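Chemist: What follows is a structure written as C-alpha cells; I'll ask about it next.
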Amino acid sequence: MAASLIGGLVAAGHPAASIRVSEPDAERAAALKARFGLTIAADNVDAVTGADLVVLATKPQQVANAIRGLQLAADATLISICAGVRIASLRALVANGGWTGAIVRAMPNTPALFGVGITGLYASETASPRARMQAETVLAAAGKVCWVDTESLMDAVTAVSGSGPAYFFLLTEAMAEAGVALGLTPADAKALALQTFIGAAKMAEGTGTDVATLRAQVTSKGGTTQAALESLEAAGFRRILDEALRAADIRSAQLGDELAATL
Ligand SMILES: NC(=O)c1ccc[n+]([C@@H]2O[C@H](COP(=O)([O-])OP(=O)(O)OC[C@H]3O[C@@H](n4cnc5c(N)ncnc54)[C@H](OP(=O)(O)O)[C@@H]3O)[C@@H](O)[C@H]2O)c1
C-alpha cells in the first residue's frame, strides 16, 4: 500500500528526493530506491527526523514496534493508513507525550495501485487545514477521498471500501462459476462476468444516475433480470451483505481494541 502511495505521489510530480522511506527488508528497500529514486532511511528515527509529514503504513500488529518512542516534529502531521488503529493509541505511542501535532487516519483500498482507489479520511481535533490538505494530497495520489466526521466511522469505511474490493472479486468468482454451471467455458464465463462489472461500474459513473434507478431501468417486467433479482432478494442478498459488513466493522474495531489493550 505504501508503494502505491509513493508511486501515485511521484506520478503526480512530487519530487521523489523529498520522500524518505524506512523499510526493514533491505531487498525491498533497494527495489523502492531503484524504482522511485527516493531516499532510504537508516531506521524509523532517521525517517521521521525533520519530516513535516509522516505516513505510517505497517500492519496494525506492527504499529507499536514501528512508532513507539519516535520524536515527531512539533508541527509534523502523522497519517496512519493502519486498519483499526486509533488516534489515541497513535498519540500514546509517540515519545513526546505532550505532542499535539495533527494525526489523520486514512483507509485507502487496493485499486490505489492504479490510482482509482477511494480513501476514507478522519482528522484529529488538532488537525489544521494545512494538515488536512497534506493528507488529501498524499491520498489523492491513490484516487478519490471521502472525509468522515467521527473516528468510529473509519471502521465503517474499512467495511465498505477498505475490504470492498474483495467482495467484488468474490462476486465475480461466484458469477463466473454460475456461468460455468450453465454450460459456458471457464474463460468465457470469467470474461463475461468481469467485463459486465467493469462496464456497469463505468456506466454508473459515466451517467451519474443513481444505481437503484439504473437497476430499475435494466429490469424489464417479467424478464430475465427480474427473475434473477427476485431470486437474490428472496435468498436474503441484502441481509447477507449487511451481516458481512457488520463483521468487517466489528473486526476493525477489535483491531483497535487489541492495540489499545497493549499500551
Ligand atoms: N492492503 C490493503 O488492501 C489495505 C487497504 C487499506 C489499508 N491497509 C492498511 O495498510 C497497512 C499496510 O498494509 P499492506 O497490505 O501494505 O502491508 P505490508 O505489505 O505488510 O506492508 C507493511 C510494511 O511495513 C513494514 N514494516 C513492518 N514493521 C516495520 C517497522 N517496525 N518499521 C518500519 N516498517 C515496518 C513491512 O516490512 P517487512 O515486510 O519487512 O515486515 C512492510 O514493508 C495495514 O495496516 C492495512 O490495515 C491495507
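Chemist: Could you pull out the residue among ILE87, ILE79, ILE118 that is open to solvent by 20 Å² or more (accessible area, probe 1.4 Å), on the phi < 0 side of the Ramachandran plot, in contact with a strand residue (DSSP E or B) (Cβ under 6 Å, 6 or more places away or on another chain) and touching a residue at least 24 places away in the same chain (Cβ under 8 Å)?
Modeler: Exactly one of ILE87, ILE79, ILE118 is open to solvent by 20 Å² or more (accessible area, probe 1.4 Å), on the phi < 0 side of the Ramachandran plot, in contact with a strand residue (DSSP E or B) (Cβ under 6 Å, 6 or more places away or on another chain) and touching a residue at least 24 places away in the same chain (Cβ under 8 Å), namely ILE118.
Chemist: Can ALA106 be described as under 13 Å from GLU151 (Cα atoms), in contact with a Ser or Thr (Cβ under 7 Å, 6 or more places away or on another chain), open to solvent by 10 Å² or more (accessible area, probe 1.4 Å) and within 15 Å of the ligand (Cβ to nearest atom)?
Modeler: Here the answer is no, as ALA106 does not meet what is asked.
Chemist: Need the failing condition index for ALA127 against (1) outside any loop (DSSP other than H, G, I, E, B); (2) surrounded by 17 or more Cβ atoms within 10 Å (Cβ to Cβ), just the number.
Modeler: The number of the failed condition is (1).
Chemist: On to the next question. How many residues are assigned to a helix (DSSP H, G or I), open to solvent by 70 Å² or more (accessible area, probe 1.4 Å) and of a type in the set (Val, Ile, Thr) when one looks only at the stretch 204-226?
Modeler: Of the residues in the stretch 204-226, 3 are assigned to a helix (DSSP H, G or I), open to solvent by 70 Å² or more (accessible area, probe 1.4 Å) and of a type in the set (Val, Ile, Thr).
Chemist: OK, next. Going by the conditions given, is GLY143 in contact with a Pro (Cβ under 7 Å, 6 or more places away or on another chain) and within 14 Å of the ligand (Cβ to nearest atom)?
Modeler: On the way: in contact with a Pro (Cβ under 7 Å, 6 or more places away or on another chain): yes; within 14 Å of the ligand (Cβ to nearest atom): yes.
Yes.
Chemist: Just one of (1) surrounded by fewer than 18 Cβ atoms within 10 Å (Cβ to Cβ); (2) under 21 Å from ALA127 (Cβ atoms) trips up ALA3, so point out which.
Modeler: Among (1) surrounded by fewer than 18 Cβ atoms within 10 Å (Cβ to Cβ); (2) under 21 Å from ALA127 (Cβ atoms), the lone unmet condition for ALA3 is (2).
Chemist: Within the stretch 180-203, identify whether any single residue is touching a residue at least 24 places away in the same chain (Cβ under 8 Å), part of a helix (DSSP H, G or I), more than 14 Å from the ligand (Cβ to nearest atom) and surrounded by 16 or more Cβ atoms within 10 Å (Cβ to Cβ), and answer yes or no.
Modeler: no
Chemist: Considering the stretch 130-156 alone, what residues qualify as being out of contact with any strand residue (DSSP E or B) (no Cβ under 8 Å at 6 or more places or on another chain), under 22 Å from HIS14 (Cβ atoms) and outside any helix (DSSP H, G or I)?
Modeler: ALA141
Chemist: Okay, moving on. Does the stretch 116-129 include one or more residues that are touching a helix residue (DSSP H, G or I) at 6+ places or on another chain (Cβ under 6 Å), of a type in the set (S, T, N, Q) and modelled with pLDDT of 95 or more?
Modeler: Checked against the condition, which is being touching a helix residue (DSSP H, G or I) at 6+ places or on another chain (Cβ under 6 Å), of a type in the set (S, T, N, Q) and modelled with pLDDT of 95 or more, the stretch 116-129 yields at least one hit.
Chemist: Pull out all pairs, ordered by first then second residue, where Cβ-Cβ is under 9 Å, the residues are six or more apart or on different chains, the first lies in the stretch 154-174 and is surrounded by fewer than 16 Cβ atoms within 10 Å (Cβ to Cβ), and the second is of a type in the set (Phe, Trp, Tyr).
Modeler: Once the first residue is surrounded by fewer than 16 Cβ atoms within 10 Å (Cβ to Cβ) and sits in the stretch 154-174, its partners that are of a type in the set (Phe, Trp, Tyr) give PHE168/PHE197; LEU171/PHE197.
The values are calculated or read from the model by the stated rules, or taken from the named source; none is laboratory data. For clarity, every value in this text was computed on a predicted model and none was experimentally measured. Because the Cβ atoms are built from the backbone with ideal geometry, glycine has one as well, and the counts that use them run over all protein chains shown. These accessible areas exclude ligands, DNA and RNA; they are computed on the full protein's heavy atoms, side chains included. Shrake-Rupley method; radii C 1.70, N 1.55, O 1.52, S 1.80 Å.
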